[in-house]
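For reference, the structure discussed in these notes is given below.
The values are calculated or read from the model by the stated rules, or taken from the named source; none is laboratory data. In this text the structure is predicted, and so the values were computed from the model without any measurement. When we count neighbours, we look across all protein chains shown, and the Cβ atoms used for this are built from the backbone with ideal geometry, even at glycine.
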Amino acid sequence: MRRNVLRGLLLVATLLASLGLQAAPLRISISIPGPGAASYYPVELIPKIGADQAEGAEVRIVFSPGGPGAVGEMLSNNVDFAVVGLPAAMSVRLTDHRVVALAAINDLPLYVLLVRQGLKGQVKSIADLKGRTIGLHSNSTATKSTSQQVLELMFRRGGVPPGSYRIANVGRRWESEAMMLKTGAVDAVIGDEPHASHMVADKIAFPLVHLGDPETARQFAGTGFLRGALIGRSDKIDKDKRKAETMVRIIQRTLAWIATHSAEEFADKLGVPDPDERQKLIAVLQQYPRQYSRDGSFSRRQLQETEIFFIDSQAGNAAAENFRIEAMIDDRWVGRRD
């Protein structure tokens with residue numbers, strides 16, 4: 001049946017082409033945190049490499065301050081899909097069972113706990129941040145962003161319980177993070193690459209914990225979680241699978257492009273204008289070649305790590321502690337791997 005429908009669509013497209021007409025592109029909208037976060041660069045690349053046009057679609061990108069906000073745009077029907085940290089989507093899923101994950105974007109989370117340079121020598125461990133002010137992109141008690149979950153888990157394991165430090169919203173742009181660190185408005189931030197490396201190189205801050213460091217992965221179980229995932233709404237997918245299937249193919253096409261092109265080509269396609277920023281991005285892409293999935297498939301091991309991370313980061317939340325990640329994985333178009 002599906003083959004006959006596709007054949008019919010192909011015949012219609014051929015007929016339109018023969019008449020000098022083109023079918024209107026399938027319009028798809030997607031929300032992501034940003035702009036400028038390395039984890040979500042694959043989405044920013046989509047229109048720049050024509051991955052959407054190749055699938056007969058036109059993707060519109062909407063930027064959001066954080067993961068829960070991006071998913072909220074989708075749940076409010078402002079966009080069709082979102083790409084966010086899977087733990088952030090899991091937090092929303094606790095209260096809205098329509099939230100499902102359709103494809104993997106990242107293979108390696110690159111969160112960094114950055115401490116302002118003026119505290120070097122004073123802050124040598126997470127415990128030394130007790131009583132200090134920490135910057136987050138977004139902060140909510142209802143639906144927690146991935147960076148908020150990372151912060152709470154790191155601090156609790158480091159002997160700094162909730163309530164023993166202050167939280168300040170720093171926004172999504174790295175310039176805001178840098179300014180608040182420079183002025184001492186915050187003592188530390190949960191940063192993101194490539195901007196974390198930028199602030200270290202400019203001696204604005206120094207890294208205390210980097211999730212991309214293999215030693216960190218050995219110290220903190222679950223830190224190999226799935227950072228970025230394509231998120232959809234199950235009720236909309238049930239009504240119209242075509243848009244979801246097309247979006248997955250666009251993501252897969254983009255990931256395949258990334259896997260077969262150099263870091264320099266990646267930076268050029270993104271159109272990074274500043275030579276210094278371009279070089280820092282290239283350095284991060286070369287340092288962490290595992291950052292992006294190659295095909296969008298879900299890793300069984302990574303899903304297990306994500307569940308461990310989520311449950312541990314939400315200690316005391318009964319709904320989270322009883323949550324099982326399989327309930328929200330829709331892998332019909334991407335499959336699984338070990």
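Identify, from the list 309, 323, the residue that is assigned to a loop (DSSP other than H, G, I, E, B) and of a type in the set (Phe, Trp, Tyr). First the steps, then the outcome.
Values: 309 fails: assigned to a loop (DSSP other than H, G, I, E, B).
After ruling out the rest, the residue left standing is 323.
Taking the condition of being buried (at least 24 other Cβ atoms within 10 Å of the Cβ) and farther than 15 Å from residue 247 by Cβ, how many residues in the range 72-88 meet it?
4
Scan the range 183-197 residue by residue and report those that are surrounded by fewer than 16 Cβ atoms within 10 Å (Cβ to Cβ) and either modelled with pLDDT under 85 or of a type outside the set (A, V, I, L, M, F, W, C) (or both). Break it down stepwise before answering.
Going through the range 183-197, the residues surrounded by fewer than 16 Cβ atoms within 10 Å (Cβ to Cβ) turn out to be 183-185.
Result: 183, 184.
I'm checking my understanding of the structure. Among residues of the range 292-314 that are touching an Asp or Glu at 6+ places or on another chain (Cβ under 9 Å) and farther than 30 Å from residue 162 by Cβ, which one is surrounded by the fewest Cβ atoms within 10 Å (Cβ to Cβ)? Walk me through how you get there before you give the answer.
Within the range 292-314, the subset touching an Asp or Glu at 6+ places or on another chain (Cβ under 9 Å) is 292-294, 297-303, 307, 311, 313-314.
From the residues that got through so far, the ones that are farther than 30 Å from residue 162 by Cβ too are 292-294, 297-300.
On the way: 292: 24, 293: 27, 294: 15, 297: 17, 298: 24, 299: 17, 300: 11.
Restricting to residues being touching an Asp or Glu at 6+ places or on another chain (Cβ under 9 Å) and farther than 30 Å from residue 162 by Cβ, the top hit is 300.
Given the residues 230, 208, 270, 255, which is the only one that is assigned by TED's automatic domain parsing to the domain that holds residue 159 and not small (Gly, Ala, Ser)?
Values: 230 fails: assigned by TED's automatic domain parsing to the domain that holds residue 159; 270 fails: assigned by TED's automatic domain parsing to the domain that holds residue 159; 255 fails: assigned by TED's automatic domain parsing to the domain that holds residue 159.
Exactly one residue qualifies, and that residue is 208.
Quick check on residue 236: is it closer than 21 Å to residue 50 by Cβ and either in contact with a Lys or Arg (Cβ under 9 Å, 6 or more places away or on another chain) or of a type in the set (Asp, Glu) (or both)? Walk me through how you get there before you give the answer.
On the way: closer than 21 Å to residue 50 by Cβ: no; either in contact with a Lys or Arg (Cβ under 9 Å, 6 or more places away or on another chain) or of a type in the set (Asp, Glu) (or both): yes.
Here the answer is no, as residue 236 does not meet what is asked.
Given the criterion modelled with pLDDT of 90 or more, part of a helix (DSSP H, G or I) and more than 20 Å from residue 45 (Cα to Cα), identify the matching residue among 218, 249, 242. So that I can check it myself, show each step before the final result.
Details: 218 fails: modelled with pLDDT of 90 or more; 249 fails: more than 20 Å from residue 45 (Cα to Cα).
242 is the lone residue from the list that is modelled with pLDDT of 90 or more, part of a helix (DSSP H, G or I) and more than 20 Å from residue 45 (Cα to Cα).
Within the range 176-209, can you find the residues that are closer than 16 Å to residue 38 by Cβ and charged (D, E, K, R)?
177, 192, 193
Criterion first (in a loop (DSSP other than H, G, I, E, B) and either under 30 Å from residue 158 (Cβ atoms) or not assigned by TED's automatic domain parsing to the domain that holds residue 178 (or both)) does residue 294 satisfy it?
On the way: in a loop (DSSP other than H, G, I, E, B): yes; either under 30 Å from residue 158 (Cβ atoms) or not assigned by TED's automatic domain parsing to the domain that holds residue 178 (or both): yes.
Criteria met by residue 294.
Pull up the range 123-141, narrow it to residues that are surrounded by 17 or more Cβ atoms within 10 Å (Cβ to Cβ) and at pLDDT below 90, then point me to the one that is farthest from the chain's Cα centre (by Cα).
135
Where in the range 47-159 are the strands (runs of 3 or more DSSP E), entirely inside, with at least 3 residues that are touching an Asp or Glu at 6+ places or on another chain (Cβ under 7 Å) and not assigned by TED's automatic domain parsing to the domain that holds residue 200? So that I can check it myself, show each step before the final result.
Values: elements: 57-64, 81-85, 99-104, 111-116, 133-136.
Of the strands (runs of 3 or more DSSP E) lying wholly inside the range 47-159, those with at least 3 residues that are touching an Asp or Glu at 6+ places or on another chain (Cβ under 7 Å) and not assigned by TED's automatic domain parsing to the domain that holds residue 200 span 57-64, 99-104.
Does residue 175 satisfy the condition of being under 17 Å from residue 284 (Cα atoms) and assigned by TED's automatic domain parsing to the domain that holds residue 121? Write out each step before concluding.
Working: under 17 Å from residue 284 (Cα atoms): no; assigned by TED's automatic domain parsing to the domain that holds residue 121: yes.
It is false that residue 175 is under 17 Å from residue 284 (Cα atoms) and assigned by TED's automatic domain parsing to the domain that holds residue 121.
Provide a single number: the residues in the range 230-239 that are among the basic types (Lys, Arg) and in a helix (DSSP H, G or I).
Kept after step one, since they are among the basic types (Lys, Arg), are these residues of the range 230-239: 233, 236, 239.
If we keep only those that are in a helix (DSSP H, G or I) too, we end up with 236, 239.
Result for the range 230-239: 2.
Provide a single number: the residues in the range 165-176 that are more than 19 Å from residue 69 (Cα to Cα) and either touching a Leu at 6+ places or on another chain (Cβ under 9 Å) or assigned to a strand (DSSP E or B) (or both).
Restricting attention to the range 165-176, the residues satisfying the condition of being more than 19 Å from residue 69 (Cα to Cα) are 165-166, 175.
Add one more test, that the residue is either touching a Leu at 6+ places or on another chain (Cβ under 9 Å) or assigned to a strand (DSSP E or B) (or both), and what stays is 165-166.
Count: 2.
Report every pair of residues separated by at least 6 positions or lying on different chains whose Cβ atoms are under 8 Å apart, first residue within the range 143-156 and of a type in the set (A, V, I, L, M, F, W, C), second assigned to a helix (DSSP H, G or I).
150/313; 153/309; 153/312; 153/313; 154/126; 155/126; 155/129
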